[in-house]
1. Answer yes or no: is there a residue in region 125-135 that is basic (Lys, Arg), open to solvent by 20 Å² or more (accessible area, probe 1.4 Å) and under 26 Å from Val220 (Cβ atoms).
2. Which condition number in (1) in contact (Cβ under 8 Å) with a residue 60 or more places away in the chain; (2) over 24 Å from Ser185 (Cα atoms); (3) open to solvent by 20 Å² or more (accessible area, probe 1.4 Å) is the one that Phe28 fails?
3. With the requirement that a residue be free of Cβ contacts under 8 Å to residues at least 40 places away in the same chain and in a helix (DSSP H, G or I), what does region 231-252 give you?
4. Test Phe62 against the criterion of being open to solvent by 10 Å² or more (accessible area, probe 1.4 Å), under 26 Å from Arg103 (Cα atoms) and of a type outside the set (Ser, Thr, Tyr), and give yes or no.
5. Here are Ile35, Ile99, Ile5, Ile20: which of them is among the β-branched types (Val, Ile, Thr), open to solvent by less than 30 Å² (accessible area, probe 1.4 Å) and touching a Lys or Arg at 6+ places or on another chain (Cβ under 8 Å)?
6. Can you tell me which residues in region 162-181 are touching a residue at least 60 places away in the same chain (Cβ under 8 Å) and of a type in the set (Ser, Thr, Tyr)?
7. Looking only at residues in region 242-281 that are among the charged types (D, E, K, R) and surrounded by fewer than 12 Cβ atoms within 10 Å (Cβ to Cβ), which one is nearest to Gly165 (Cα to Cα)?
8. Just checking, which of Leu146, Leu193, Leu182 is open to solvent by 20 Å² or more (accessible area, probe 1.4 Å) and out of contact with any strand residue (DSSP E or B) (no Cβ under 7 Å at 6 or more places or on another chain)?
Amino acid sequence: MKNKITVTIGIPAYNEEQNIKSFLLSIFKQNLKNIDLEEILVYSDASSDRTNNIVEKLGETFKSIKLIRGAIRKGKYFRVNELFKMCKSDVLVVLDADIAFSRKDFLEKLVFALISDKNAVMNASHVELIRPDAFWAKILHTTFVLGDYIRLSVPGYDVAANFHGAATAYKKSFVKTLNIPLNLSDPHLFIYLSAKKIKGFRYCPEAVILQIPPTTMKDVTQLMRRSIGKRDRELGKIFGKRMLENTNIFTYREKILGLWKCFLWQPFYTPLAIIMNFYLVRLAMREKTDTSPVWEINTSTKKRIAYAK
């Protein structure tokens, strides 16, 4: 490739002192043959721990790292909206701070797959959830993986559940058209539907990140209260009721196929995960949806994780 693809990495962060240094350093270990990494913008959402100090210190050595301090907590997607406005590169890659790359060619695979498809406007990475050691945590992990097997059974991967938001590449031409309305309870879904409307959503199974799932019922309950995936009337006004209702519908075949794959992977834990899933569905129906853009933090997901070597 004669002309390299210019890329900006944006990282919305809140109290990420455990992982932020290792994660930022891992970016510089990526093999970038066709990418010109112009800058890494860490947008701190009013972090109250050592996150800001750590990022500033690294910025003294790595000039491409720039810290943007938010004075008041506004939530992840407020910061993502700001990153959309700041993007000057060909591609903006938005990354959560509590993930790890599984390989050193992660960025190359994610970005090149996006650029090589002229109709694509955004590209979500694949997520591999790290398996915990505790018995109950393994049941929760299997429950999440069961959902992964189902969503990955959708032809073309074009379903809202495949936009997890932890690692996504966007073309500049797309993000410059986006302005996430502040009155939405599910800004995450707004991004997906904006891409789906023009048939531009893509999923990249070859670009893999590692992430720790919630391992306690407290954190799972917090997760269930979040508004992601819940009905948002304002989105219905923007995209239409029919499009909104079809965002996360799985066919009988996709459910059975996902269940079968999960059973082959974990024949002991899968039945327990099915029982857990029924419980979580009922829990979600009872819990009041938290429409605040500022989420409670899942403490069990904020552990140090290994990075690609």
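1. Yes, region 125-135 contains at least one residue that is basic (Lys, Arg), open to solvent by 20 Å² or more (accessible area, probe 1.4 Å) and under 26 Å from Val220 (Cβ atoms).
2. It fails just one condition, (1).
3. Within region 231-252, Arg233, Gly236, Lys237, Lys241, Arg242, Glu245, Tyr252 meet the criteria.
4. Working: open to solvent by 10 Å² or more (accessible area, probe 1.4 Å): yes; under 26 Å from Arg103 (Cα atoms): yes; of a type outside the set (Ser, Thr, Tyr): yes.
Yes: the conditions hold for Phe62.
5. Unique residue meeting the criteria: Ile35.
6. The answer is Thr168, Tyr170.
7. Ranking the candidates gives Glu245 first.
8. Answer to the check: Leu182.
The values are calculated or read from the model by the stated rules, or taken from the named source; none is laboratory data. These numbers come from a predicted model, not from an experiment. Neighbour counts run over all protein chains shown; Cβ positions are idealised from the backbone, glycine included. When the accessible area is computed, the model is the full protein with side chains, heavy atoms only, and any ligands, DNA or RNA have been set aside. Shrake-Rupley method; radii C 1.70, N 1.55, O 1.52, S 1.80 Å.
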